[in-house]
Amino acid sequence: MAYILNIETSTKNCSVTIAKNGETVICNEIAEEGYSHAERLHVFIEESLKEAGIVYKDLSAIAVSKGPGSYTGLRIGVSAAKGLCYALSIPLIAVDTLQILAAQASVFDGLIVPMIDARRMEVYSAIFTPELESKRETQAQIIADNSFEELEGLVYFVGDCAEKAQTVLMKENFIFLEEIKYPSANQMSALSFEKYKINDTVDVAYFEPFYLKDFMLTTSKK
């Protein structure tokens, strides 16, 4: 029996689950404009453990969403996961953020394109089959009217940039699942357990989030 704590903080959604053998037992999450991850995350972890009726020593591993996504959000999630793994002497599992997002699309044909907003018309995107097999690696790309035009069959778009993407991605085979905005730790449960079973873990000391782009610090012009 394996209990895994899953942490997802790569976007506006701060999300935590306790999973037992790949099945979500408890899920606590909230999506807020103000990015309250630093205040919410450890509270959610404590509440989730209590609601699941377990304690830290019962955990077999901790899984974290590895990116891409918000620089600050990723740092908060990864720092918490690494600290707990080190203190508990348990393995750390890293799960692709865009695969987590794609896993929310319950489709049986075509392709799934998860996209995370990266400001202006830029997105972080990847391409998956309905079985969550990768068909194209993660990229930072500028969305234009010819983006993804090579994809045949139904193409399902998920993520938090549907509103802006729909202004240019208008092919008949493009379908936007607008209700799916943010990755959630709920979808991490099955993904992290599959990695746990084959000992697909990362080095607690040296693991870093997959930012994809360098952090940009902007200064107010006022």
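Quick note: the coordinates plus some simple rules give every number you see, no bench work behind them. The model shown is predicted, which means the values in this text are computed figures rather than measured ones. Reconstructed Cβ throughout: ideal geometry from the backbone, glycine too, with neighbour counts over all protein chains shown.
FRET efficiency for E47 and T72, Cβ-Cβ distance as r, R0 = 30 Å, nearest 0.05? Please list the in-between numbers first.
Details: r = 22 Å, r/R0 = 0.74.
E between E47 and T72, to the nearest 0.05, is 0.85.
DSSP loop GluC sites (Glu not before Pro) in the stretch 1-83 with at most 14 other Cβ atoms within 10 Å of their Cβ, which ones?
Counting only loop positions with at most 14 other Cβ atoms within 10 Å, the GluC sites (Glu not before Pro) in the stretch 1-83 are E32, E33.
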Shape call for the stretch 24-63, from the Cα gyration tensor axes a ≥ b ≥ c (a/c under 1.5 means rounded, otherwise prolate when a/b beats b/c, else oblate), comes out prolate
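In percent, what relative contact order does the chain have, based on Cα pairs under 8 Å that are 6 or more apart in sequence? Numbers along the way, then the final one.
Values: 477 pairs, mean separation 52.3, N = 222.
RCO, the chain: 24 percent.
Assign unit charges at the C-beta atoms only (+1 for Lys and Arg, -1 for Asp and Glu), then state the dipole size of the chain relative to its Cα centre in Debye, rounded to the nearest 20.
Numbers: 20 positive and 31 negative charges, 156 e Å.
Dipole size: approximately 740 debye.
Once you list every other residue whose beta carbon is under 13 Å from the beta carbon of I4, what net charge do they have if Lys and Arg are +1 and Asp and Glu are -1?
-2
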Going 7 Å from the Cα of N173 along its beta-carbon direction, which residues of the stretch 110-152 have the amide nitrogen within less than 13 Å of the resulting point?
110-112, 148-152
From the residues Q166, A94, V43, which one has its Cα farthest along the dipole of the chain in the positive direction, the dipole being from +1 and -1 charges on Cβ of Lys/Arg and Asp/Glu about the Cα centre?
V43
May I ask for the Rg/Rh ratio of the stretch 105-176, computed from Cα atoms with Rh as the Kirkwood radius, given to two decimals?
0.92
Report the full-extension gain for the segment V107 to R136: residue separation times 0.36 nm, less the Cα-Cα distance, to one decimal in nm.
8.6 nm
Length gain on complete extension for the stretch Y206 to L88, per 0.36 nm per residue less the alpha carbon to alpha carbon distance?
40.8 nm
Would you give the gap between the C-alpha center of the stretch 1-32 and the C-alpha center of the stretch 148-165, rounded to a whole Å?
26 Å
Determine the percent antiparallel among the DSSP beta bridges restricted to the stretch 105-176, to the nearest 5.
55 percent
Mind pulling the angle between the C-alpha long axis of helix 37-52 and the longest principal axis of the chain? Nearest 10 degrees, somewhere in 0 to 90.
60 degrees
